[in-house]
Structures are given as C-alpha cells and as structure tokens.
Amino acid sequence: MVRSTFARIADAPVDLIGSSSALDDELFVNQIDGFFNNSCYDYNVIFVQMGHHGRVGKTGEEYAEHDFEKFENDLKCLLAYLRQHCANIVLETVFSSVIPQKINKLERRLFGRRLHRALFKAGVRREVPDEEINRVTDRKNEIIRKVAGASASGVTLLDIDEIVKKKRFMHTDHIHFENEAKLFIAKRMLEAVDAIRCGQG
C-alpha cells in the first residue's frame, strides 16, 4: 500500500514482497528464498507486516489457540531467516479491519466518493470495525508486540495499527486507506529508519 510513497520520501530504492500466503506455506517460503537468492542488493532495513491473511484454520475452521501458537513460532522463524540477510528488522503490527461502507448507486454516480469522504470527515458517517476479523487481528498484534519485545537487538516494533487508529483516515475497502494515510504511514516508517540510524551512532 505504501511502497512507492515510502521510496519517494526516503529517496532510496525499496523492494517489496507481497503475499497472501500463510507463513509456513511452501509457496511463501519459495518466494522469499527466490527473492534473496536473486537479489544483488544489501538491505539496510527490512519491514515485516505479516498476519492480514490467515484468519481461519487450514481447513476453514475458526482460528484456535494452536493456530495463534503456530503463528508466533512461524513469525520467530521468519525473523531468524531474515536476520541472515539484514541486521535491522522492523516488525509492524497489522491493520484492523472495518466493514466496507456501501454507497448507493445514485450517490456514487453523482459524487463518486467525494460526498462520502466529506460526510466521514464531518463525523456524520462512521466506519464500523469488523469485530469478527479483528478478534484474530488483535490477538496476532499482541503476538507481534511480544515477539518484537523478546527478540534480540536489531528487531524493533512499529506499532502502526495503534498509531493509525488515533487518526481518522477513511478506508477505501475493509483494510486499505485513502491516499492521505499512505503518506502518514510512510513517514512513520521513515522515522523508524532514522531511529535505527541514530542508534547505530
């Protein structure tokens, strides 16, 4: 969502791996192996935001305690793998979800999303959190914070979900934000990079 914006304000090249696979999915493992094996770059910082996908068990059942335990273990394994390729890892919390707003056809035809945005900014329309999805997201975020806090030096936390919750950015769907939010998020990421640089003296 923010790669190009982050690259622009950081004035630096930024690579991206995007995946909807689970952390232990063979496709994801092959993807990151292929990425690093074919890269000619040295990476200063790697941002990790995993957990948006995989809110049900492997066979479609409700996410259970053993699924959360596995997510924690797989996340630790991913960090250990990434530390082979970069000394600085920023672990980000994942964004909470909202129930997408339905805009009737007439309003959409006459105003696009402009009227909806104006009413949202004025507080007339409100977004409704998707509690069913966020039950899993909130628990995953607890795990992300715990893993970041317990990790060795070189792994830091950017609790971007909590930071963004304090702002009133409009969603364009259940999880993606309007353009205004992208710049805000990218700036917080750049602040994390600057903090790492300062910490290295």
Discussion item. Quick check on this structure: which one of K146, K140 is in contact with a Ser or Thr (Cβ under 9 Å, 6 or more places away or on another chain) and either of a type in the set (D, E, K, R) or not in a helix (DSSP H, G or I) (or both)?
Written reply: K140
Worksheet item: From the residues in the range 20-49 that are among the aliphatic types (A, V, I, L, M) and under 18 Å from the mean Cα position of the chain (by Cα), which one is surrounded by the fewest Cβ atoms within 10 Å (Cβ to Cβ)?
Response: I32
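G54: on the phi > 0 side of the Ramachandran plot and either among the β-branched types (V, I, T) or under 21 Å from the mean Cα position of the chain (by Cα) (or both), yes or no?
Answer is yes for this residue.
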Practice prompt. Taking R108 as meeting all but one of (1) within 27 Å of L183 (Cβ to Cβ); (2) surrounded by 15 or more Cβ atoms within 10 Å (Cβ to Cβ), write down the number of the exception.
Written response: (2)
Discussion item. Tally up the residues in the range 103-156 that are modelled with pLDDT under 85 and more than 30 Å from E69 (Cα to Cα), please.
Written reply: 23
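Mind checking which residues of the range 50-60 are surrounded by fewer than 18 Cβ atoms within 10 Å (Cβ to Cβ) and under 21 Å from Y81 (Cα atoms)? Steps first, please.
Looking only at the range 50-60, we keep the residues that are surrounded by fewer than 18 Cβ atoms within 10 Å (Cβ to Cβ), and these are 52-53, 55-60.
Selection gives H52, H53.
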Response to the item:
Counting only residues that are surrounded by fewer than 17 Cβ atoms within 10 Å (Cβ to Cβ) and closer than 26 Å to R139 by Cα, the range 170-183 contains a total of 5
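Pick from I163, I196, I143: which is among the aliphatic types (A, V, I, L, M), free of Cβ contacts under 8 Å to residues at least 60 places away in the same chain and within 29 Å of A80 (Cα to Cα)?
Working: I196 fails: free of Cβ contacts under 8 Å to residues at least 60 places away in the same chain; I143 fails: free of Cβ contacts under 8 Å to residues at least 60 places away in the same chain.
Checking each option against the conditions leaves just I163.
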Discussion item. Looking at I17, I9 in this structure, which one is at pLDDT 85 or above, closer than 26 Å to I143 by Cβ and either of a type in the set (S, T, Y) or surrounded by fewer than 16 Cβ atoms within 10 Å (Cβ to Cβ) (or both)?
Written reply: I17
Response to the item:
For the range 122-133 the number of residues that are in a strand (DSSP E or B) and either in contact (Cβ under 8 Å) with a residue 60 or more places away in the chain or in contact with a helix residue (DSSP H, G or I) (Cβ under 8 Å, 6 or more places away or on another chain) (or both) is 0
Discussion item. D161 - would you say it is part of a helix (DSSP H, G or I) and not polar (S, T, N, Q)?
Written reply: yes
Discussion item. Quick test of your reading of the structure: L75 fulfils all but one of (1) among the hydrophobic types (A, V, I, L, M, F, W, C); (2) over 20 Å from L183 (Cα atoms); (3) surrounded by fewer than 14 Cβ atoms within 10 Å (Cβ to Cβ). Name the failing condition by number.
Written reply: (3)
Practice prompt. List every residue pair whose Cβ atoms lie under 6 Å apart, where the two residues are 6 or more positions apart in sequence or sit on different chains, the first residue falls within the range 1-12 and is in contact (Cβ under 8 Å) with a residue 40 or more places away in the chain, and the second residue, located anywhere, is in a helix (DSSP H, G or I) and small (G, A, S).
Written response: V2/A186; T5/A186; F6/A186; I9/A186
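What helices (runs of 4 or more DSSP H), lying completely within the range 22-121, carry at least 1 residues that are within 24 Å of I185 (Cβ to Cβ) and either in contact (Cβ under 8 Å) with a residue 40 or more places away in the chain or charged (D, E, K, R) (or both)? Write out each step before concluding.
Values: elements: 26-37, 65-82, 105-111, 114-121.
In the range 22-121, the matching helices (runs of 4 or more DSSP H) lie at 26-37, 65-82, 114-121.
The values are calculated or read from the model by the stated rules, or taken from the named source; none is laboratory data. It should be emphasised that the depicted structure is a prediction, and the values quoted were computed from it without experimental measurement. In this analysis, Cβ positions are derived from the backbone assuming ideal geometry, glycine residues included, and neighbour counts consider all displayed protein chains.
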